[in-house]
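The values are calculated or read from the model by the stated rules, or taken from the named source; none is laboratory data. Because the structure is predicted, anything quoted here is derived from the model rather than measured. Note that each Cβ is placed from the backbone with ideal geometry, even for glycine, and that neighbours are counted across all protein chains shown. Accessible surface is based on the protein model in full, side chains and every heavy atom, while ligands, DNA and RNA are left aside. Shrake-Rupley method; radii C 1.70, N 1.55, O 1.52, S 1.80 Å.
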Amino acid sequence: MEMVNIKINGMPFSVPGGVTILEAARYAGIEIPTLCYLKEINEIGACRFCMVEVAGPRGNRLVSSCVFPVNEGMEIFTNTQKVHDSRRTTLELLLSAHDRKCLSCVRSGSCELQKLCLEYGVENESRYDGEKPQWEIDATATHMVRDNNKCILCRRCVAACDNQAISVIGANARGFDTHIGSAFEMGLNSFSCVECGQCIVNCPTGALYEKDDTKAVFDAINDPDKFVIVNTAPSIRVTLGECFGYKVGTNVTGKMAAALHRLGFNKVFDTDFSADLTIMEEGTELLHRIKEGGALPLITSCSPGWVNYCEHYFPEQIENLSSCKSPQQMFGAVMKTWYAQKMNIDPASIVVVAVMPCTAKKGENKRDDQAASGFADVDYSITTRELASMIKTAGINFDLLPDEQFDNPLGEGTGAGVIFGATGGVMEAALRYAAEALTGKELDSVDFTEVRGTEGIKEATYTVGGLELKVAAVSGLKNAQTIMEKVKAGTCEYQFIEVMACPGGCVNGGGQPIQPASVRNFVDLKGIRGQALYEADKNLPLRKSQDNPAIKMVYDEFFGEPGSHKAHEILHTSYVKKSLYND
Amino acid sequence: MVKKISKNPFNGTPEQEAKLMAVIEESKHDKSLLMHVMQEAQGIYGYLPFEVQKMIADGMNVPIEKVYGVSTFYAQFSLSPKGEYNFSVCLGTACYVKGAQELIDKLEEVLGIGAKECTPDGKFSLEDCRCIGACGLAPVITVNDEVYGKLEAKDIPGIVAKYQA
């Protein structure tokens with residue numbers, strides 16, 4: 001790329017031509033604050049917060065740096081009084097229509113607006129007080145709440161929703177009345193929202209948040225008649241630390257287990273166990289469909305956002321979905337059947353709490369056909385953020401916690417289960433199983449690196465046991481749409497597809513710790529978090545689901561073999577054809 | 001103003017639907033024709049209720065929220081049907097200073113509906129409009145194609161009564 005010479009605050013720099021002032025400033029070690037800007041997703045220059053001064057023939061003028069490209073000889077000033085005044089005025093104007101109940105706001109402390117107000121010295125929140133819009137709170141969705149009184153109209157949620165090819169929210173009306181919502185002012189539950197939560201993790205303020213289940217979980221813990229079992233999804237161990245100031249990608253498995261013990265759960269288990277169980281069932285299902293001629297490609301069903309998408313947008317293809325419940329649901333189902341029986345506990349008194357990177361999991365546990373014991377498989381599904389909030393409420397000093405282990409017998413997981421949290425991980429785990437199931441021999445190498453990485457669509461062909469297996473791992477629903485159009489048209493050659501609703505997989509799920517745009521735009525969150533999972537996998541003694549002793553135990557004692565009648569009754573589910581409109 | 005959404009039941013006919021489908025058919029190859037389709041639809045139905053926007057969204061393969069967003073952004077689109085008799089009150093400068101607001105208030109009272117609304121029986125609708133160029137007659141209202149000028153609020157019940165028969 002051709003370089004251009006520019007000056008930033010009087011210092012000369014050579015930067016690639018065509019980049020924006022915002023990006024050029026990064027080269028110079030200067031961070032220009034933004035509100036509406038999301039790299040490659042929302043580059044609309046709407047909020048006017050990133051203004052900088054650019055020298056011109058008629059003096060300096062303010063331009064929005066997120067969309068303004070640099071050119072040869074450009075002189076930029078990022079730190080003048082005029083710039084500060086402009087940014088502060090923008091904040092004061094935003095505050096004029098903002099519900100400033102910051103003390104009780106779920107995002108207090110992680111709110112980008114709040115942080116910028118402090119940094120730019122907003123002293124009077126009411127400087128431009130005038131008419132204030134009063135918006136009704138939309139709590140119709142299963143998983144989340146929209147409070148437009150906290151919305152600053154940055155449109156990051158709309159961009160995130162469009163980027164998922166869903167677009168059930170958008171900007172309605174104009175001028176002072178502009179607001180984000182769904183068509184005809186109907187609740188979000190009236191439309192085909194897939195509950196992925198990408199809008200929430202991209203919201204700079206407290207306008208969007210998941211429905212809180214922490215109080216119910218505390219109540220269960222405090223109820224002496226309840227036996228409360230918690231399990232944490234594979235990705236939580238590498239993201240929870242972010243809520244306590246740890247660097248992105250820090251593995252805090254030991255501290256997390258310690259915190260869960262201190263919160264008072266009766267048992268602290270690992271969802272990796274049921275990830276391994278999913279592989280046994282799904283791998284068996286794949287081989288069965290290939291040999292006996294079932295619907296192909298087989299598509300994974302671990303991601304409830306994806307399952308919702310398939311049901312709403314490709315209802316004719318639901319037969320391609322694996323009938324396996326997700327690891328969350330399998331875990332609960334096993335707890336309230338096999339484990340209840342084994343430990344002689346009444347399943348009615350068992351409360352299963354799942355800690356998930358996901359908001360769609362809050363809808364999944366309320367689906368039909370997800371109650372193997374007669375009781376809901378999973379009682380509460382909470383996000384990584386909710387777990388962090390519980391740890392803080394309980395006054396647990398995360399930093400000082402020792403490393404502890406998950407409890408036995410279901411605290412044992414394998415590397416195959418761990419990598420479920422990254423896009424391509426389920427595929428790789430399934431390949432580790434299928435290859436050995438087909439050949440009857442032990443694999444030399446368990447690394448299937450072709451399906452790793454954060455690209456949206458990854459393809460590979462493997463020959464195992466004389467069988468040529470064409471596979472794809474897809475993340476992000478826009479990419480899923482691309483693949484599903486092919487499946488629908490019958491032009492898809494794959495036998496097995498892994499789909500994760502969120503770009504990059506669960507590590508970038510809608511229930512994960514919220515990072516401000518300043519981090520999202522310039523740090524490869526999903527890549528770094530995913531890499532931490534592959535590191536964990538590499539260091540585990542057991543890396544194949546079929547080697548997990550707990551897996552062997554549940555099949556020996558209870559299910560018989562993968563795909564057995566009993567396994568189908570307890571570990572499998574069904575799907576429903578839906579439309580884009582609910583009612 | 002946030003646009004008012006009509007609660008009147010949708011009374012679209014198969015003929016209207018066939019017309020709209022024909023417009024969609026010739027436009028669906030290009031999503032940028034959405035505005036055009038919406039204008040045509042408003043021409044056919046007089047307004048853009050949920051049912052019509054759904055047909056447009058499904059036909060054009062555009063999420064319904066995108067259609068609704070456009071319909072609430074531009075003043076030209078209406079979410080409320082026109083009544084058999086549409087009362088339009090000129091809010092141009094001359095009419096305004098001569099008391100057009102009082103005419104609107106009176107019409108709202110007599111008809112029992114607000115601006116941009118339609119009575120449940122579909123007989124009357126009320127709207128405000130920009131200057132219609134009859135400033136010499138200010139303040140002016142029109143009922144369909146009939147023009148009434150130099151009005152006072154007390155004249156309103158009589159005019160409404162003429163159409164109530």
Residue A:109, sole failed condition from (1) open to solvent by 40 Å² or more (accessible area, probe 1.4 Å); (2) within 14 Å of chain B (Cβ to nearest Cβ); (3) over 19 Å from residue A:359 (Cα atoms); (4) not hydroxyl-bearing (Ser, Thr, Tyr): (2)
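Residue-wise test of (1) out of contact with any strand residue (DSSP E or B) (no Cβ under 8 Å at 6 or more places or on another chain); (2) in a loop (DSSP other than H, G, I, E, B); (3) touching a residue at least 60 places away in the same chain (Cβ under 8 Å).
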site: A:333; (1), (2), (3): yes, no, yes
site: A:337; (1), (2), (3): yes, no, yes
site: A:352; (1), (2), (3): no, no, yes
site: A:358; (1), (2), (3): no, yes, yes
site: A:372; (1), (2), (3): yes, yes, yes
site: A:378; (1), (2), (3): no, yes, no
site: A:382; (1), (2), (3): no, no, yes
Sole residue being touching a residue at least 60 places away in the same chain (Cβ under 8 Å), in a strand (DSSP E or B) and more than 14 Å from every other protein chain (Cβ to nearest Cβ), chosen from A:551, A:497, A:570: A:497
Filter result (open to solvent by 50 Å² or more (accessible area, probe 1.4 Å) and either among the aliphatic types (A, V, I, L, M) or closer than 22 Å to residue A:416 by Cβ (or both)) within segment A:455-485: A:455, A:457, A:459, A:461, A:463, A:465, A:470
Total residues in segment A:393-407, condition touching a residue at least 12 places away in the same chain (Cβ under 8 Å), surrounded by fewer than 15 Cβ atoms within 10 Å (Cβ to Cβ) and not acidic (Asp, Glu): 4
Test: residue A:522 is touching a residue at least 60 places away in the same chain (Cβ under 8 Å) and either closer than 30 Å to residue A:184 by Cβ or surrounded by fewer than 16 Cβ atoms within 10 Å (Cβ to Cβ) (or both): yes
Residues (at the interface with chain A (Cβ under 9 Å from one of its Cβ atoms) and in a loop (DSSP other than H, G, I, E, B)) located in segment B:30-74: B:49, B:62, B:63, B:74
Subset of segment B:95-112 that is touching a helix residue (DSSP H, G or I) at 6+ places or on another chain (Cβ under 9 Å) and surrounded by fewer than 18 Cβ atoms within 10 Å (Cβ to Cβ) - its residue that is nearest to the other protein chains (Cβ to nearest Cβ): B:105
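Is there a residue in segment A:250-265 that is assigned to a loop (DSSP other than H, G, I, E, B), buried (at least 24 other Cβ atoms within 10 Å of the Cβ) and either out of contact with any helix residue (DSSP H, G or I) (no Cβ under 8 Å at 6 or more places or on another chain) or at pLDDT 95 or above (or both)?
So the first thing to find is which residues in segment A:250-265 are assigned to a loop (DSSP other than H, G, I, E, B), and the list is A:250-252, A:264-265.
When the remaining residues are screened for being buried (at least 24 other Cβ atoms within 10 Å of the Cβ), the result is none.
The answer is no; no qualifying residue exists.
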Test for residue A:200: is it within 30 Å of residue A:270 (Cβ to Cβ), in contact with a helix residue (DSSP H, G or I) (Cβ under 7 Å, 6 or more places away or on another chain) and in a helix (DSSP H, G or I): no
Segment B:127-164, residues that are among the aliphatic types (A, V, I, L, M), without any contact (Cβ under 8 Å) to a residue 40 or more places away in the chain and assigned to a strand (DSSP E or B): B:147
Residue in segment A:189-205 that is open to solvent by less than 10 Å² (accessible area, probe 1.4 Å), over 26 Å from residue A:116 (Cα atoms) and more than 10 Å from chain B (Cβ to nearest Cβ) present: yes
Considering residues of segment B:6-26 that are within 14 Å of chain A (Cβ to nearest Cβ) and open to solvent by 60 Å² or more (accessible area, probe 1.4 Å) only, the residue farthest from residue B:41 (Cα to Cα): B:7
